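The values are calculated or read from the model by the stated rules, or taken from the named source; none is laboratory data. On a predicted model such as this, the values are computed, not experimentally measured, just so you know. For neighbour counting, all protein chains shown are included, and Cβ atoms are generated from backbone atoms with ideal geometry for every residue, glycine included. Accessible surface is based on the protein model in full, side chains and every heavy atom, while ligands, DNA and RNA are left aside. Shrake-Rupley method; radii C 1.70, N 1.55, O 1.52, S 1.80 Å.
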Amino acid sequence: MLYDSQSNDISMALTGESLITRSLSPFTEEGFLKVIDLLNDADVSFTNAEMLFHDYEGCPGIEHPGTWMRAEPSMIGELQWAGFDIAACAMNHAYDYGETGVLVNIANFEAYGLPHAGTGANLALARAPAYVDTAKGRVALLAACDHLQVPGGEAVNQRPDMKGKPGVNFIHVEEAFTVDQASMNDLKRISESLGWERGKIARRQGRWPQEKWADTDEFFRFGASRRIAPPLFRVGDGFGQTTMLDQEDLKQNLKYVRDARRMADWVMFSFHCGYHGASSEEPADHLIELAHAVIDAGADVFIGHGPHRDKAIEIYN
């Protein structure tokens, strides 16, 4: 006899952003209720919670021209009414109200009993999977993002001398500009002539990590910034732009994917992406790299969102 959870057959309803500031349950329009039925009929329904649910316990992290995404905690119950079983909290507004906003949002999700992933009291908790049990098996969710409305929202791991910092499972992304060999030679000549190379040597020995300044035959940092790493250029056949994952962030996230694979029948990975490829219709290079890597590590589904528009679907392995 096989249990239902061993059937290797599950229906998932996967949505993008839930931008909710008022109740959903009063509405009875036929088309709307068809969507609600679809969410409730699925074995598991996922959403990216693009709101912080709190009563203004936290102050805004920084002045910015965008919107501070906030809703009453009772709106979590409305998401549950709509049929959502699990939610991602790693998104660009997750740190709008600072550390307090992160922690209160988590507390409210837990008070309503809605599993969530992507933020935590420290980096280990932000990276850790959340689980929901269904008749068709246990489902794990991991969540991350690559951009924040308010700087400094990355969760930090605890150490023996430090308790860690609340925040987001943030995957750092490096942008690189591709130029031809002649242009790369010119950039290096300009940097040498202006004395920027001597500055690089000094900062290698001080504030900036060696790997952030490492120049190779393929890569070269061009600029004189003392506070941030200058733009990265890459030699190629022509001119273009690419995005690359921080490999240590990728390595650590894949560890948690493999952990989830051992503990669950199904694994979902949610990623809130703030970049695009050669056009707004194309996915960024690092998004494809991440999706393939987490599936190779054991995830069944990679859920991308962020631009508030429909994008491509890939069947991979």
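Things worth noting here:
- Relative contact order computed over the range 48-171 (Cα-Cα under 8 Å; 6+ residues apart), in percent: 27
- Sorting TRP196, TRP266 by solvent-accessible area of protein heavy atoms yields TRP196, TRP266, largest first, with a 1.4 Å probe.
- Database remark: amide H of THR134 closer than 5 angstrom to the amide H of VAL139 (H placed geometrically; neighbours at sequence offset of 5 or more, or on other chains; Pro and chain starts carry no H).
- For the chain, size of Cβ-based charge dipole, Lys and Arg +1, Asp and Glu -1, in debye: 1440
- Ranking by accessible area, most exposed first, for TRP81, TRP68 with a 1.4 Å probe: TRP81, TRP68
- Against the criterion of solvent-accessible heavy-atom surface with a 1.4 angstrom probe, TYR131, TYR56 sort, most first, into TYR56, TYR131.
- Dipole magnitude for the range 1-88: about 160 debye, using +1 per Lys or Arg Cβ and -1 per Asp or Glu Cβ, origin at the Cα centre.
- Cα centroid separation, the range 227-268 to the range 1-26: 28 Å.
- Folded to 0 to 90 degrees: helix 247-263 orientation relative to the chain principal axis, Cα: 20
- Solvent accessible area, Å² - ASP85, 1.4 Å probe, full protein context: 50
- Dividing the Cα radius of gyration of the range 86-208 by its Kirkwood radius returns 1.20 for Rg/Rh.
- Note on GLN252 and LYS34: the extension gain reaches 74.5 nm, defined as 0.36 nm multiplied by sequence separation minus the Cα-Cα distance.
- Which listed pairs, of LYS255/LYS311; LYS136/LYS251; LYS165/LYS255, have C-alpha distances above 24 Å, in listed order: LYS255/LYS311; LYS136/LYS251
- Volume of the convex hull of the chain (Cα atoms only), normalised per residue: 168 Å³.
- In Å², nearest 10: area of LEU123 left accessible to a 1.4 Å probe: 20
- Listed residues LEU19, LEU254, LEU142, most fluctuating in the chain (Gaussian network, C-alpha, under 10 Å): LEU19
- Accessible area (Å², 1.4 Å probe, nearest 10) - ARG127: 20
- Between 0 and 90 degrees, the angle of helix 98-112 with respect to the longest Cα principal axis of the chain falls at about 20 degrees.
- Relative contact order (%) - criterion: Cα under 8 Å, at least six apart; region: the chain: 16
- Between GLU281 and TYR131, the simple spin-label model (points 7 angstrom out along Cα→Cβ) gives 4.3 nm.
- Only beta bridges with both residues in the range 96-176 are counted; by DSSP, about 80 percent of them are antiparallel.
- Partner aspartates and glutamates for LYS200 [C-alpha distance under 17 Å; skip if fewer than 8 residues away on the same chain]: GLU192, GLU211, ASP215, ASP217
- Cα-based radius of gyration for the range 1-148, normalised by 2.2 N^0.38 Å, reads 1.09.
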